[in-house]
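> Attaching a single structure in structure tokens format; questions to follow.
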Amino acid sequence: MIRNKQFLFLASIATFILVGCIAKKPKTINSPLMGYKDIQWGESQKEVISKFKNVEDVIFKSKDSNSVYFTGGEYCGKMVTFYNFEFVGDKFYNLFISVIGGKSDYKEIKELIQTKWGLPSYSFDEESIVSATWQFSDSSYIWCSPAHDGTVSIMYVNNKLKKIADDNKKINDEKEKEKRLKSL
């Protein structure tokens, strides 16, 4: 039984990779994604907090050098568990939203996003992989997927700033690795 589940899991990953390799170029929405609501890519933590704390039922919880965390409010009519805004060099580049709901809630959210932005650039609705991605002309994207913990995950991402954040993380990881190696 466990081997069958492992096989199905590995087969689904292989299918996902194969489909990704042979798929046609994805449809790109012919407009830029400017950010989330009235918060623009590249805005500072201070600007994000100032704008977002006034959203109905949203509560500012915490911040550190790279993120700002809020709870409450609604996204597409669903109750939000949290919003996590991420920054690189004090510039907003990523928003992770978690809402309470399962696969049927995911489908409702996907339909609402689709109503605003059109069909997703990528969409998977397999047993093990369920997600939709809307790719924009400025290389930003929206990603949505049901999670296994009874929530739906939504991300708004600016790829240009994300690449800087990923490069910084890689450099910091290498420095940390060197530090650990010196302690041997």
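FYI, it's all coordinate maths here, none of it is from the lab. Just so you know, these numbers come straight off a predicted model, no measurement behind them. No Cβ is skipped: glycine too gets one built from the backbone with ideal geometry, and neighbour counts run over all protein chains shown.
> Holding the Cα-Cα limit at 23 Å, pick out from Lys27/Lys162; Lys63/Lys162; Lys116/Lys163; Lys91/Lys160 the pairs that are longer than that.
Lys116/Lys163
> Okay, moving on. By how many nm would the segment from Ser183 to Leu119 grow when fully extended, if each residue of separation counts as 0.36 nm and the alpha-carbon distance is taken off?
Here the answer is 17.8 nm.
> OK, next. Given a Förster distance of 22 angstrom, what is the FRET efficiency for Asp38 paired with Glu111, based on the Cβ-Cβ distance and rounded to 0.05? Please report the intermediate quantities before stating the final value.
Details: r = 24 Å, r/R0 = 1.08.
Using R0 = 22 Å, I get an efficiency of 0.40.
> Go ahead and run the numbers for FRET between Ile49 and Phe82, Cβ-Cβ distance against an R0 of 22 Å, rounding to 0.05.
Efficiency, rounded to the nearest 0.05: 0.90.
> Let me ask something additional. Would you mind calculating the gained length between Ser139 and Asn172 on full extension (0.36 nm times residue separation, minus the Cα-Cα distance), in nm to one decimal?
Working: separation 33, 0.36 × 33 = 11.88 nm, distance 2.51 nm.
This chain segment gains 9.4 nm when fully extended.
> Here's another thing I want to ask about it. Return the whole-Å distance between the Cα centroid of region 135-184 and the Cα centroid of region 35-56.
Going from one Cα centre to the other spans 20 Å.
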